[in-house]
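Please treat every number below as a calculation from the coordinates, not as lab data. These figures come from a predicted structure and were not determined experimentally. Because the Cβ atoms are built from the backbone with ideal geometry, glycine has one as well, and the counts that use them run over all protein chains shown.
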Amino acid sequence: MRTRILKADQEGRNYAIDEAAFLLSNGEVVAFPTETVYGLGCNALDNQAVEKVFNAKGRPSDNPLIVHIAKFEQIKLLVREIPDVAAKLAQMFWPGPLTLVFLSSGVAAKSVTAGLDTIAVRIPAHPIALDIISKSNLPIAAPSANRSGRPSPTEASHVLFDLDGRIPLIIDAGKTDLGLESTVLDLTSKIPVILRPGGVTIEKLKEVLGEVALDESVLTAVDFDQAVASPGMKHTHYAPRAEMIVVCGETAAIVRKIIHMAQGFLCDGNRVGILATKETASEYPESVYVLAPGSRFTPQIYAANLYAFLREFDVLGVDIILAEALSTQNEGLAIMNRILKAAGFRVVDAD
Ligand code: TXA
Ligand code: MG
């Protein structure tokens, strides 16, 4: 299959949206931008279309998809009931990077929910995504548009690198704003639980909900032989090709520890990458590859660049990545969750 790329710039916008909506309405898959990362969309009511998404990504079939809608009313088709708290959250944060998990009506294709009795839904805050969904007049199931186990795509070129020849169309609207996937919040338990931290922070959710729980798999390695709330959590994610180790502690101690560890890896003949920050990047020796997605004081910028930099480490061909831990406050929680998962929760203490 040949993969076409259509630019959704001023000139190409309407044509790109029409083409995407046409393919989606005809049981095909299309990659398109959202405000978080690029998604690989399909008709959420069509089991065969959903199978195409799982095949293109190489995604395990027990990992359910998020359904994207353009208007709140569309949710009624998908869920069994709308708790009061959902309407409130939707009013505050939709369109936006918040996915809500409801009891499912059972109308969505079986493979969307991977056999669970719950369903994840969000309204994305990207004009192109919204227009494509509206034009198709369908609920659109869309996981991130990467091959399973690779970092999520924040640019159309990342989608092409992973899925060239596997999907018919990529809509290119440049770099995505946020760079990390949406917050996934489970509303089916008594206290809402964050299954995956993202752009809508736990701090902001607590302002609205009071009590919010954080699933233990967000910051710690969990024994996945036990049943888990979000099956997606057990799969390795966001993984660069090199092995990664996260170094925790106070900033100066982290830098000292990483320099010391790097020396050891260099002596063994390894190419060493360091995932640093703007504040610390200049402190490392020239014999290592240092990438700094952003400052410790602007986690939004760091988040927006992280996945592109993990892909860059692949291109540089490093054997090992030593990553500086960041604060888990605000957007820092989502960043640390993705870094820890990329590292398979391999953590070293600096102090
Ligand atoms: O920002 C995003 O959410 C992006 C863009 C494209 O919208 N999408 C995305 O999809 O990140 P994906 O498939 O890469 O991640 C979906 C996550 C997985 O962790 C999955 O396990 C969880 O949502 N999920 C989906 N349905 C669920 C359900 N019924 N219960 C619990 N977790 C669910
Ligand atoms: Mg994903």
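A few points about this structure:
- For residue 96, residues with placed amide H under 5 Å, excluding near neighbours: 123, 125
- As a proxy for reagent exposure, 309, 345 were ordered by neighbouring Cβ count within 10 angstrom, fewest first; the result is 345, 309.
- Net length gained if the chain between residue 92 and residue 105 were fully extended (0.36 nm per residue, minus Cα distance): 2.3 nm
- Taking 272, 255, 85 in turn, the Gaussian network model of the chain (Cα-Cα springs below 10 Å) assigns the largest fluctuation to 85.
- The shape of segment 264-322 comes out oblate: with a ≥ b ≥ c from the C-alpha gyration tensor, a/c is at least 1.5 while a/b does not beat b/c.
- Qualifying chymotrypsin sites (Phe, Trp or Tyr not before Pro) for segment 1-99 [loop in DSSP, other Cβ within 10 Å: at most 13]: none
- For segment 29-137, fraction of C-alpha pairs farther apart than 20 Å, in %: 37 percent
- Folded to 0 to 90 degrees: helix 84-93 orientation relative to the chain principal axis, Cα: 60 degrees
- From phi via Karplus (6.51, -1.76, 1.60), per-residue ³J(HN,Hα) for segment 255-262 in Hz, x at Gly/Pro: 4, 4, 5, 5, 4, 5, 5, 4
- Simple label model, 7 Å out from Cα along Cβ direction - residue 295 to residue 253, nm: 2.5 nm
- For segment 4-218, lysine pairs with C-alpha atoms less than 17 angstrom apart, excluding pairs fewer than eight positions apart on the same chain, total 9.
- Seen from residue 318, the other residues with C-beta closer than 11 Å to its C-beta sum to a net charge of -2, counting Lys and Arg as +1 and Asp and Glu as -1.
- For residue 271, the residues whose modelled amide H falls within less than 5 Å of its own, excluding neighbours fewer than 5 places apart on the same chain, are 319, 320.
- Only lysines eight or more places from residue 257 in sequence, or on another chain, were considered; those with a Cα closer than 24 Å are 278, 341.
- Residue 243 sits among other residues whose Cβ lies under 14 Å from its own Cβ, and their net charge, with Lys and Arg +1 and Asp and Glu -1, is +1.
- The long axis of helix 332-342 is offset from the longest Cα principal axis of the chain by roughly 80 degrees.
- Neighbour-count ranking [beta-carbon atoms within 10 angstrom, fewest first] of 92, 336, 1: 1, 92, 336
- Gain on full stretching of the segment that runs from residue 117 to residue 175 - 0.36 nm per residue minus C-alpha separation: 17.4 nm
- Added length on full extension, which subtracts the Cα-Cα distance from 0.36 nm per residue, residue 268 to residue 73: 64.3 nm
- Three-way shape label, segment 307-351, alpha-carbon gyration tensor, a/c 1.5: oblate
- Couplings for segment 132-147, taken from phi via the Karplus curve 6.51 cos²θ - 1.76 cosθ + 1.60 with θ = phi - 60°, read 5, 5, 4, 5, 6, 6, 9, x, 10, 6, 8, x, 4, 8, 10, 5 Hz in order; Gly and Pro are left as x.
- Taking other Cβ atoms within 10 Å as a rough exposure proxy, 162, 117 sort from fewest to most as 117, 162.
- Applying the Karplus relation 6.51 cos²θ - 1.76 cosθ + 1.60 with θ = phi - 60° to segment 150-164 yields 3J(HN,Hα) values of 9, x, 4, x, 10, 9, 4, 5, 5, 5, 4, 4, 7, 10, 4 Hz, where x marks Gly and Pro.
- The residue 161 and residue 22 beta-carbon pair, evaluated with R₀ = 30 Å, returns a calculated FRET efficiency of approximately 0.75.
- Calculated mean residue ellipticity at 222 nm for the chain: -9500 deg cm²/dmol, from DSSP H runs with n ≥ 4 weighted as -39500 (n - 2.57), summed, divided by the residue count and rounded to 500.
- Cα-Cα pairs of segment 4-218 separated by more than 22 Å (percent): 45 percent
- DSSP beta bridges confined to the chain are antiparallel in about 35 percent of cases.
- Amide H within-cut-off set for residue 7, under 5 Å, with H built and near neighbours excluded: 172
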